[in-house]
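Undergrad: What follows is a single structure, and I will ask about it in a moment.
Where a number appears in this text, it was derived from the coordinates with a stated rule and is not lab data. Keep in mind that what you see is a predicted model, and the values were worked out from it rather than measured. Note: ideal-geometry Cβ built from the backbone for every residue, glycine included; neighbour counts use all protein chains shown.
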Amino acid sequence: MKIAIPYAKTHLEFEIPAGTDAEILRSKQVPVPDGVTQDQLVLDALAHPIGSPGLAEMAQGKKTAVVICSDHTRPVPSRHIIPHLLAELRRGNPQIDVALLVATGCHRGTTRAELTAKFGEEIVGREKIIVHDCLDAASLVEIGTLPSGAKLVINKTAAEADLLVSEGFIEPHFFAGFSGGRKSVLPGICGRTTVLGNHCAGFIADAHARTGVLAGNPLHRDMVAAAQMARLAFIANVLINEKKEAVAAFAGDPCAAHEKGCEYLARFASVRPARLADIVITSNGGYPLDQNVYQSVKGLTAAEAAAAPGAVLITCASCADGAGGEGFYQALADCRDAQSLLDGILKVPQDETAPDQWEVQILARMLAKHRVIFVADRAAAELLRGMKLTCTATLEEAFAMAVQAKGRRAKVTVIPDGVSVIVQA
């Protein structure tokens, strides 16, 4: 059986040995009517908003509008969303002053080249674009307290806007349940203090902080509250396929439209393995989400959900951009072992949450239960080993190591794109 695993901007092809007890888990393809373009999907969603007036109507009488946009780490097809949001705002109010606010969360700033790749030269050259900086105190303002007790500190430009709008995409998310909707505010345009409070050890350890789960999820609860307190008024979110193309669109009220999009996606993304596996192979969906170790933890959680105790988890992720955070790197590099690292994190109070702690916590949780092997660029090998992670240059080598550990009769599950599925084991 030959399989293709997304990797960087290409795929890794791998032949599963004949006779292997193997299962492949994929999300179902979201149907798109023949001939319907990405732009038409977005335009139709804007023309039929869910639980909300149209955006043009909402723009009337407003002096300023801010459109929260995704950053370089998110494969949102912004070229097919942002122009239509801008057009609707200006159709309703030609004089409205619009700014695009790039929601970097705690990521590094998006470069001009990355903005051009995302929006196109015309928009970058014409529109007012602000790249959020979670550490720039002068650009932030505290607007209240979240249900968890954490302070809500957000971008001042967004807080002062007469009309706050956001784009985004909805996919399964490994601790927030789903991406999109309210996440454009928290963590997207929040100060680091707020992001840290939301991503605290207690929340991450909660059994409801899992892929595809919104009900009872403490991170989701604070995120929704943050969006409401920030007065997020309208969203345009899409679902995407393997080619990062929009295949469905949902626009309107931030809660109602997002919930409708999540419900629709779950119909196609939910998978149920026939049995738990001894070896699980997955990826982070290729570029741009597999650029660093930090992001690659997401796809690994799908493998975790499909794994038997003590399994070997293999993830294919280029990690060409390094670890993805100095704190993330050091936590793994400096620890004695995964279990002691996890035990220490679980004792950290909410107001003492460290940057990248949540990603460390989730990776340590998996490392404490399973053996994890990265298939990555050769240039990343030294960095991965410095983090006490096993790495290989080829999937064949990683699989051979897994078979050596678990035996030739091991049950194998392949999840080609770990960030696209909701594993219901």
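Undergrad: Take residue 87 and residue 397, extend 7 Å from each Cα along the Cα→Cβ direction, and tell me the distance between the two endpoints in nm.
TA: Distance between label points: 5.0 nm.
Undergrad: Continuing with this model, one more query. Any idea what angle helix 254-269 forms with the longest principal axis of the chain, computed on alpha-carbon atoms, 0 to 90 degrees, nearest 10?
TA: 30
Undergrad: Follow-up question, since we're still on this one. How large is the charge dipole for the stretch 240-334, taken about the Cα centre, if only the Cβ atoms of Lys, Arg (+1) and Asp, Glu (-1) carry charge, to the nearest 20 debye?
TA: Here the size comes out at about 380 debye.
Undergrad: What does the charge add up to near residue 311, with Lys and Arg as +1, Asp and Glu as -1, over the other residues with Cβ less than 11 Å from its Cβ?
TA: +2
Undergrad: Within the set of other residues whose C-beta is less than 13 Å from the C-beta of residue 20, count the net charge using Lys and Arg as +1 and Asp and Glu as -1.
TA: Summing Lys and Arg as +1 and Asp and Glu as -1 gives +1.
Undergrad: Could you calculate the contour length gain from residue 112 to residue 340, that is, 0.36 nm times the residue separation minus the distance between their Cα atoms, to one decimal place in nm?
TA: Fully extending the segment from residue 112 to residue 340 adds 77.9 nm.
Undergrad: Treating only the Cβ of Lys, Arg, Asp and Glu as charged (+1, +1, -1, -1), what charge dipole size does the chain show about its Cα centre? Round to the nearest 20 debye.
TA: Using only the charged Cβ atoms, the result is roughly 620 debye.
Undergrad: Another question, then. What residue among 257, 311, 137 has the largest mean-square fluctuation in a Gaussian network model of the chain, using Cα springs under 10 Å?
TA: Per the Cα network of the chain with a 10 Å cutoff, 137 tops the list.
Undergrad: With θ set to phi - 60° and the Karplus curve 6.51 cos²θ - 1.76 cosθ + 1.60, what are the ³J(HN,Hα) couplings of the stretch 348-360 in order, to the nearest whole Hz, using x for Gly and Pro?
TA: Values per residue, Gly and Pro as x: 7, x, 4, 7, 10, 4, 8, x, 6, 4, 5, 5, 4 Hz.
Undergrad: Something else now. For the pair residue 151/residue 63, report the inter-label distance in nm, with labels modelled 7 Å from Cα in the Cβ direction.
TA: The answer from the label model is 2.8 nm.
Undergrad: Counting alpha carbon pairs within less than 8 Å and at least 6 residues apart, what relative contact order, in whole percent, applies to the chain?
TA: Contact order relative to length: 21 percent.
Undergrad: Still on this structure, please answer the following. Out of [x] 5, 23, 32, 25, 12, 3, 0; [y] 4, 12, 16, 21, 18, 11, 7, 6, 4, 0; [z] 4, 18, 23, 18, 12, 10, 8, 5, 2, 0, which label holds the value of P(r) over Cα pairs in 10 Å bins from 0, in percent that was computed here?
TA: [x]
Undergrad: Something else: So what are the ³J(HN,Hα) numbers for the stretch 109-117, from phi and the Karplus equation (6.51, -1.76, 1.60; θ = phi - 60°), rounded to whole Hz, Gly and Pro as x?
TA: Along the stretch 109-117, the couplings run x, 6, 7, 4, 4, 5, 5, 5, 5 Hz.
Undergrad: Here is a further query. May I ask you to derive the relative contact order of the stretch 38-268, considering only C-alpha pairs under 8 Å and at least 6 residues apart, and to give it as an integer percent?
TA: 25 percent.
Undergrad: For the stretch 1-43, what relative contact order do you get, as a whole percent, if you take Cα pairs closer than 8 Å and at least 6 residues apart?
TA: Numbers: 22 pairs, mean separation 10.6, N = 43.
This gives 25 percent for the stretch 1-43.
Undergrad: Now a separate question. How much length would be gained if the chain were fully extended between residue 408 and residue 333, taking 0.36 nm per residue of separation minus their Cα-Cα distance, in nm to one decimal?
TA: 23.8 nm
Undergrad: Further question: What does the charge add up to near residue 199, with Lys and Arg as +1, Asp and Glu as -1, over the other residues with Cβ less than 13 Å from its Cβ?
TA: Result for the local shell: -4.
Undergrad: So, one more: Going by average Cβ density within 10 Å per residue, which order do the peptides 83-91, 313-321, 195-203, 390-398 take, highest to lowest?
TA: The packing order, highest mean first, is 313-321, 195-203, 83-91, 390-398.
Undergrad: Quick one: which residues, 5+ away or cross-chain, put their amide H under 5 Å from the amide H of residue 316? H built at 1.01 Å from N.
TA: 282, 283, 284, 375
Undergrad: State, to one decimal in nm, how far the label point of residue 385 lies from the label point of residue 228, with both points 7 Å from Cα in the Cβ direction.
TA: The modelled label-to-label distance comes out at 5.2 nm.
Undergrad: Once fully extended, how much extra length lies between residue 136 and residue 215, figured as 0.36 nm per residue of separation less the alpha-carbon to alpha-carbon distance?
TA: Taking residue 136 through residue 215 to full extension adds about 25.1 nm, to one decimal.
Undergrad: Suppose we keep just the DSSP beta bridges with both residues in the stretch 38-268; what percent of those would be antiparallel, to 5?
TA: Working: 14 of 36 bridges.
That works out to approximately 40 percent antiparallel.
Undergrad: Whole-Hz ³J(HN,Hα) for each residue in the stretch 189-195, computed from phi via Karplus 6.51 cos²θ - 1.76 cosθ + 1.60 with θ = phi - 60°, x for glycine and proline: what do you get?
TA: Couplings: 10, 9, x, 4, 4, 5, 4 Hz.
Undergrad: What residue among 96, 76, 174 has its Cα farthest toward the positive end of the dipole of the stretch 38-268, where the charges are +1 on Lys, Arg and -1 on Asp, Glu, each on the Cβ?
TA: 174
Undergrad: Between the helical axis of 395-406 and the dominant principal axis of the chain, each derived from Cα atoms, what acute angle in degrees is found, rounded to the nearest 10?
TA: Helix 395-406 sits roughly 60 degrees off the main axis of the chain.
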